[in-house]
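Worksheet: one structure, shown below.
The values are calculated or read from the model by the stated rules, or taken from the named source; none is laboratory data. All of these numbers come straight from a predicted model, not from anything done at the bench. Glycine also receives a Cβ, built like all others from the backbone with ideal geometry; neighbour counts cover every protein chain displayed. Note: accessible area is taken over every heavy atom of the protein model, side chains too, but ligands, DNA and RNA are not part of it. Shrake-Rupley method; radii C 1.70, N 1.55, O 1.52, S 1.80 Å.
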Amino acid sequence: MQNFRHYIFLFIIIPLFTFAEDGSQLWLRYPVNQKLRSIVNSNSKSPTLEIAKKELNKHWSGQPIDLKIDKFPDSFKDGYKIISTPKKITVLAKTDLGLLYGSYNLLNLQQQKANLTNFNLVEKPSFDVRILNHWDNLDGSIERGYAGHSLWKWEDLPNIISPKYEEYARANASIGINATVLNNVNASPNMLRGDYLKKVKILADVFRPYGIKVYLSVNFSSPKVLGNLKDSDPFNKDVQKWWKDKASEIYKLIPDFGGFLVKANSEGEPGPQDYGRTHADGANMMADVLKPYGGIVMWRAFVYSPSSDDRAKQAYLEFTPLDGKFRDNIIIQIKNGPVDFQPREPFHPLFGAMKNTSQMVEFQLTQEYLGHSNHLVYLAPLFKENLDSDTYSDGKGSTIAKITDGTLRPAKFTAISAVANIGEDTNWTGHHFAQSNWYAFGRLAWNHNLSSEQIADEWIKMTFTDDKKFVNPVKDMMLTSRETAVDYMMPLGLHHIFAGMHHYGPEPWGDYKGTRADWSPVYYHRADAEGLGFDRTKTGSDAVSEYFPPLNEMYGNIKTTPENLILWFHHVPWDYKMKDGKTMWEALCYKYDLGVHEVRDYQKVWGKMQPYVDNERFTDVQSKLKIQSKDAVWWKDACLLYFQTFSKRPIPDDIERPVNELEDLKKIKLPMGHHN
Ligand code: GCW
């Protein structure tokens, strides 16, 4: 009897598991052909091509396909051409990887239900290096990670190879991501230890056929800490030799190793300034040892100092004097905005300001400042807003996209990066919709001219369904979601008013006296009886002068500053009249209220999607939206009630009343630790 019951139990359970929609497949939900067919011919052979053939034979249900290596100019890189007729499809490329990308595009289009019988297309990447930055620590934790532990099982490597490594590589290759930094920029020197390099080699071997190169974050003090040298001064010959030997050791194991990512003299990390040297001195030393192997250095510009009068100015001040002093295999990695991945920032003034130095953008996929993996926030609009920003560095039309992709200035190589949101959670990113940010980054890195809408459209069709009744409302929700988050968290250019350490939830009253003023919310919003916002004009910190004309004038004048950044650049009186006639205080109230209402609307929209989506993902997303909705109210009440203690003005009658007491909100302390 016991056994019998057991079997019945299995009968019920097995089908459930077989059809479990747990999000583990990401957007790669290619149908499997019933019979394995061989419909692909190719004129070349390599592990990369084998993958292309395997994928197509297994998942392609259309006409026969030829994969052909052909002559293209060098500038074509890993691009491809597809010529499709009803009888046959030909994919042409200069490299095997180009053929793999073309194959994935065919499968992606098939899954989006595109018409594939008669079309031609030519695709080539906007950037050479399309790289994810993992902030993964060697102990398996992830700094700012909200999707479980690290994918990399350092304890098990090099002996046990998790199947997830290949799944990760495949997902990246399917959208054209071709590089990865495995470890946190707050780097442990141990990453460069011989035993760890042997583990890294295994990952590089798994990733290679998918066209993904491995990079490492390195700690500037490695020679001293690992090599027992007396210091890590870049001018010390022993230090130089240590790096040279290390490079040779790495390239013996990983001949196509990509290079180093370096966070130096930033937030307490060691760097060349510890020895009176400059960023250029430090970066050049590393660039020289990587040069013979074709490796590169991505040197981060994320620097700020407690003694500066305005954190937003620091990187520009430290880096512009070094323009032209960096080797040509160095690229300066700059966060999209001058502070730190806020819901909205103006673009970083360093973009375009170094005319003889290569630059790349760093975006953040992991939602450190955007509700972690609880809030639905589709980030393509944020990325586009940044890439399309006109810096005016070389006259009108000098967008960040054109500065970093080599269009405006010749560059030896070009790159774009994003801090990954990936962990070992079953659905990879914690929130099902956070997968769309990984996808969007890959797509924009491949082609920054794509619109946020097109990318959302592709992703929804691949991840859920192509039924219009689902696609359209869900797409609207995604496309507005970033602005909604800005509205309920930090409208009108407010920034960094998060609870300390973990950056989840509001703490506008936060004042960390005695530690770092520039980590305190009050430093950023400057609320007082007169008004709100950070004066960055000439009468204030003068950060506006770091922008090229006419932007310095535009941001320097309250009348011409876009209202979505007004509190970023100005200390605005509570009664200041906004363009629509409301006072600044009223505008603030209405924005917070709007944000709350929009999340409520998302709940309603999603509720109606139940018929089109599997139950697992439906309820997962539904639960997350409940959290987001409560958090939006928390943000609104905390910020409005707190700012009201300065404005002394009523909350307009027609918006929702606060449901919390300010004093209760001030007591909330979330059990999530972090250093800043
Ligand atoms: O966004 C901040 C984070 C830190 C991070 C740092 C950086 C890796 O709060 O956790 O450290 O920026 O980008 O270096």
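At a glance:
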| quantity | calculated |
| --- | --- |
| Pair list, Cβ under 7 Å, 6 or more apart: the stretch 97-119 residue on the phi > 0 side of the Ramachandran plot, other residue part of a helix (DSSP H, G or I) | LYS113/LYS461 |
| Condition check for TRP428: in a loop (DSSP other than H, G, I, E, B), aromatic (Phe, Trp, Tyr) and not assigned by TED's automatic domain parsing to the domain that holds TYR101 | yes |
| Close pairs from the stretch 266-279: first on the phi > 0 side of the Ramachandran plot and of a type in the set (D, E, K, R), partner in a loop (DSSP other than H, G, I, E, B) and within 15 Å of the ligand (Cβ to nearest atom), Cβ under 9 Å, at least 6 apart | GLU267/ASN186; GLU267/PHE302; GLU267/VAL303; GLU267/TYR304; GLU267/HIS675; GLU267/ASN676 |
| Single residue of ARG327, ARG344 found to be touching a helix residue (DSSP H, G or I) at 6+ places or on another chain (Cβ under 7 Å), among the basic types (Lys, Arg) and over 27 Å from SER545 (Cα atoms) | ARG327 |
| Odd one out for PHE548 among (1) outside any loop (DSSP other than H, G, I, E, B); (2) in contact with a Phe, Trp or Tyr (Cβ under 6 Å, 6 or more places away or on another chain) | (1) |
| Cβ-Cβ under 9 Å pairs, at least 6 apart or on other chains, the stretch 662-676 side farther than 18 Å from PHE643 by Cβ and among the aliphatic types (A, V, I, L, M), far side outside any loop (DSSP other than H, G, I, E, B) and at pLDDT 95 or above | MET672/HIS372 |
| The stretch 312-352, residues that are more than 18 Å from ASP388 (Cα to Cα), open to solvent by less than 10 Å² (accessible area, probe 1.4 Å) and not in a loop (DSSP other than H, G, I, E, B) | ALA312, ALA315, PHE319, ILE330, ILE331, ILE332 |
| The stretch 22-33 residues that are in a loop (DSSP other than H, G, I, E, B), paired with ones that are open to solvent by 40 Å² or more (accessible area, probe 1.4 Å) and β-branched (Val, Ile, Thr) (beta carbon under 8 Å, 6 or more apart) | ASP22/THR426; GLY23/THR426; SER24/THR426 |
| Subset of the stretch 457-511 that is of a type in the set (Phe, Trp, Tyr) and part of a loop (DSSP other than H, G, I, E, B) - its residue that is farthest from ASP631 (Cα to Cα) | PHE464 |
| Count - residues of the stretch 350-409 that are under 30 Å from GLY324 (Cα atoms), among the charged types (D, E, K, R) and within 16 Å of the ligand (Cβ to nearest atom) | 1 |
| Condition check for LEU97: open to solvent by 10 Å² or more (accessible area, probe 1.4 Å), in contact with a helix residue (DSSP H, G or I) (Cβ under 7 Å, 6 or more places away or on another chain) and modelled with pLDDT under 95 | no |
| Condition check for GLU507: open to solvent by 10 Å² or more (accessible area, probe 1.4 Å) and over 21 Å from GLN435 (Cβ atoms) | yes |
| Subset tally (residues that are within 16 Å of the ligand (Cβ to nearest atom) and either touching a Phe, Trp or Tyr at 6+ places or on another chain (Cβ under 7 Å) or open to solvent by 10 Å² or more (accessible area, probe 1.4 Å) (or both)) for the stretch 469-498 | 5 |
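Residues checked against (1) touching a Leu at 6+ places or on another chain (Cβ under 8 Å); (2) at pLDDT below 95; (3) open to solvent by 20 Å² or more (accessible area, probe 1.4 Å):
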| residue | (1), (2), (3) |
| --- | --- |
| ILE69 | yes, no, yes |
| GLY79 | no, no, no |
| VAL91 | yes, no, no |
| TYR101 | no, no, no |
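Yes or no, residue by residue, for (1) outside any helix (DSSP H, G or I); (2) open to solvent by less than 20 Å² (accessible area, probe 1.4 Å); (3) away from the ligand (no atom under 16 Å from the Cβ); (4) under 30 Å from ASN137 (Cβ atoms):
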site	(1), (2), (3), (4)
PRO611	no, no, yes, no
THR619	no, no, yes, no
LEU625	no, yes, yes, no
GLN628	no, yes, yes, yes
ALA632	no, yes, yes, no
PRO650	yes, no, yes, no
ASP653	yes, no, yes, no
LEU665	no, yes, yes, no
PRO671	yes, no, yes, yes
